[in-house]
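Everything on this sheet refers to the single structure shown next.
The values are calculated or read from the model by the stated rules, or taken from the named source; none is laboratory data. Quantities reported herein were computed from a predicted structural model and do not represent experimental measurements. Reconstructed Cβ throughout: ideal geometry from the backbone, glycine too, with neighbour counts over all protein chains shown. Please note that ligands, DNA and RNA were not included when accessible areas were found on the heavy atoms of the full protein model with its side chains. Shrake-Rupley method; radii C 1.70, N 1.55, O 1.52, S 1.80 Å.
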Amino acid sequence: MSQIQLNDEMFDKLDDSEKNSEFIAVESKTFFKDAWGRFKKNKLALFGLIFLAIMVLGAIFVPMLSPYTYEGQDLASKNLLPCLAHPFGTDKLGRDIMVRVMYGARISLSIGFSTAVINLFIGIVYGGISGYLGGKVDMIMMRIIDVIYAVPSLLYTVLILMIFGDSITSMMLAICLTSWIQMARQVRTQVMSLKEMEFALAAKVLGASDMRILMKHLIVNALGPIVVCLTMMVPSAIFTESFLSFVGIGLNPSIPSWGKLANDCRALIFVNQIQIIWPVAAICLTILSLNFIGDGIGEALEIKR
Amino acid sequence: MLKYIVKRLLIGMLTLFILATITFFGVRAMPGEPFTQDNKVMSAETYAALEKKYGLDKPVGEQYVIYLKNALHGDFGESISKKGQQVSDIIIQRAPVTAKLGVVAFFIAIFVGLALGIVSALSKSRFVNGLITTLATLGVSIPGFLFAMITMIFFAVKLGWLPIVGLDSWKHYILPSIAMALSSISMITRLSRSSLKDVMDKDYITLARSKGTKEIWVIIKHGLKNALLPVITYCGPMFAGLITGSMVIETLFTIPGIGKEFTNSITNRDYTLVMGLTLFFGAIVIVMNLISDIVAALVDPRIKIGK
């Protein structure tokens with residue numbers, strides 16, 4: 001056995017650079033701070049967020065602060081081009097287009113967001129139960145979804161609108177009744193893979209009830225994909241509403257939703273194209289922004305879709 | 001394979017049956033009477049005669065059975081708003097118009113979508129990739145009907161190159177079919193791009209290359225053939241999208257197809273026509289889904305084992 005020769009050279013003092021190598025220079029980040037940092041780097045997603053914020057603020061405040069109402073007519077100043085008094089111009093009845101578009105934003109955005117939230121609840125309950133219980137229950141619940149999903153959802157939506165009338169509430173109901181499926185599927189897939197994880201087993205061993213395991217452990221861990229799915233639901237609800245109102249089978253024509261505003265412009269394509277820009281831009285940019293935000297969140301939380 | 005097809009067929013029939021039931025009772029639950037249009041005062045006898053003619057005097061259960069029986073024979077009854085016309089005749093008369101437009105849109109979506117997908121999957125240029133990704137994102141986000149309206153203004157009203165009403169010559173097809181295909185083009189671009197990218201990294205591609213196969217054959221025979229599966233499965237949902245798209249595109253371009261008929265029937269509260277067309281649309285989408293799933297299972301046997 002050879003002995004190690006110790007000499008003075010082996011006991012040199014550390015120089016400063018080496019001393020500091022273990023130093024933690026940055027404050028440690030929580031999961032959401034980290035995700036927000038990545039989200040901020042995504043320019044498109046940030047643009048989406050800013051545009052949406054402007055739209056929401058505009059929807060709240062413009063109709064409140066503007067001197068015009070969405071239905072107030074002023075035949076003396078009809079078909080005006082954008083000017084100081086009317087930033088977006090006026091339509092053929094002299095109504096201020098900016099107020100109408102922002103009022104439409106109230107309707108379209110609230111339909112979009114509330115259907116998404118309702119879908120969230122239905123989806124979590126349905127998908128959670130189906131994924132957690134598995135087996136026969138899961139099979140039956142999934143067959144039900146298959147049957148509903150096999151037919152274009154628009155057909156159901158139209159039927160429901162015909163039965164319950166053309167109010168905003170029945171539009172929400174009609175959109176919800178078919179679009180929760182996506183959320184339920186997403187939740188189910190997540191719950192199915194998460195329930196096999198060790199922390200779920202640990203919770204079970206500690207005597208947690210099924211309800212608690214599902215809500216406190218599984219759903220919470222599935223929040224990332226759920227949030228992405230949620231963001232993607234808002235634009236599709238806005239699309240469905242504007243689609244139906246555009247064809248004239250959606251909301252009551254007296255409600256100035258974006259689809260209805262675009263529908264009003266259909267008659268004008270030969271005369272006054274500038275008025276068409278506003279509702280079209282509002283619908284397209286909002287849907288685009290929401291898609292960007294959804295993609296951004298997905299990327300920030302590192303979810304592969 | 002046969003077992004898989006039979007199973008899918010049974011589920012499809014069950015779905016159609018449920019759709020028929022929902023439609024029937026949904027239409028019964030609708031407010032308003034079909035015969036009280038125009039606010040005309042109607043004598044009790046006329047009313048009773050009309051109810052008898054449309055079978056509305058029988059109990060609901062019996063009406064339902066009769067309706068199902070007739071629907072099975074392709075008889076959806078007589079249209080309420082168009083006196084004397086059978087719903088099935090209206091479908092036969094209008095469906096070919098939509099079918100023509102739909103087929104054109106279908107092929108545009110497949111070819112343009114695949115071409116863009118292949119180019120962006122194989123191209124190393126960041127500019128090309130960025131451009132195609134941007135186009136695909138825009139295509140998914142811009143609703144087809146708004147795209148149709150914008151292109152109408154540019155190409156028909158401002159430039160006067162293309163007509164906007166009807167469906168008489170090939171020029172009439174350009175705007176509506178592109179608008180109908182728009183979202184499908186983007187979806188196919190995305191699908192084929194990501195699947196082709198995955199496939200091109202596989203070992204058998206390297207093997208084919210190392211054996212000296214020409215690059216074009218590597219892409220077509222080894223790459224594309226294996227990357228097509230997601231596109232095939234997407235064809236089913238795509239038909240659903242084309243059909244719903246036809247409702248608004250046909251209304252916008254005044255094309256006398258079945259989609260326009262559907263929106264009209266809803267505005268007119270023509271219950272028998274709504275029921276008939278809903279079932280017809282449902283049946284088409286179910287059959288198309290079935291076909292695309294069967295083709296996918298034929299192409300890739302892993303699918304049916306997985307299910």
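Residues that are small (Gly, Ala, Ser) and more than 14 Å from chain A (Cβ to nearest Cβ): does segment B:127-144 have at least one? Among the residues of segment B:127-144, not one is small (Gly, Ala, Ser) and more than 14 Å from chain A (Cβ to nearest Cβ), which makes the answer no.
Looking only at residues in segment A:273-285 that are more than 9 Å from chain B (Cβ to nearest Cβ) and either of a type in the set (Gly, Ala, Ser) or open to solvent by less than 30 Å² (accessible area, probe 1.4 Å) (or both), the one that is farthest from A:GLY48 (Cα to Cα) is A:GLN275. Suppose the filter is out of contact with any Phe, Trp or Tyr (no Cβ under 8 Å at 6 or more places or on another chain), within 14 Å of chain B (Cβ to nearest Cβ), open to solvent by less than 20 Å² (accessible area, probe 1.4 Å) and within 27 Å of B:ALA283 (Cβ to Cβ); does A:LEU159 pass it? In short, yes. Selection of first residues in segment B:107-125 that are closer than 18 Å to B:THR233 by Cα and of second residues that are crowded, with 19+ Cβ neighbours inside 10 Å and charged (D, E, K, R), restricted to Cβ pairs under 7 Å at least 6 apart or on distinct chains, gives the following pairs, ordered by first then second residue: B:GLY117/B:ARG193.
Can you tell which of A:VAL234, A:VAL228 is in a helix (DSSP H, G or I), modelled with pLDDT of 85 or more, away from chain B (no Cβ under 14 Å) and in contact with a Gly (Cβ under 7 Å, 6 or more places away or on another chain)?
A:VAL228 is the lone residue from the list that is in a helix (DSSP H, G or I), modelled with pLDDT of 85 or more, away from chain B (no Cβ under 14 Å) and in contact with a Gly (Cβ under 7 Å, 6 or more places away or on another chain).
Of the numbered criteria (1) within 14 Å of chain B (Cβ to nearest Cβ); (2) on the phi > 0 side of the Ramachandran plot; (3) open to solvent by less than 10 Å² (accessible area, probe 1.4 Å), the one A:GLY94 fails is (1). You will find that of B:SER177, B:SER186, the residue that is surrounded by 21 or more Cβ atoms within 10 Å (Cβ to Cβ), modelled with pLDDT of 85 or more and within 14 Å of chain A (Cβ to nearest Cβ) is B:SER186 and no other. So which residues in segment B:149-159 are surrounded by 15 or more Cβ atoms within 10 Å (Cβ to Cβ), more than 10 Å from chain A (Cβ to nearest Cβ) and not β-branched (Val, Ile, Thr), if there are any at all? Across segment B:149-159, the qualifying residue is only B:PHE155. Residues in segment B:264-278 that are within 10 Å of chain A (Cβ to nearest Cβ) and over 17 Å from A:ILE163 (Cβ atoms): B:ASN264 only. Here A:ILE145 meets each of (1) within 14 Å of chain B (Cβ to nearest Cβ); (2) in contact (Cβ under 8 Å) with a residue 12 or more places away in the chain; (3) open to solvent by 20 Å² or more (accessible area, probe 1.4 Å) with one exception, condition (3). When we screen B:PHE106, B:PHE155 for residues that are assigned to a helix (DSSP H, G or I), aromatic (Phe, Trp, Tyr) and modelled with pLDDT of 85 or more, the only hit is B:PHE106.
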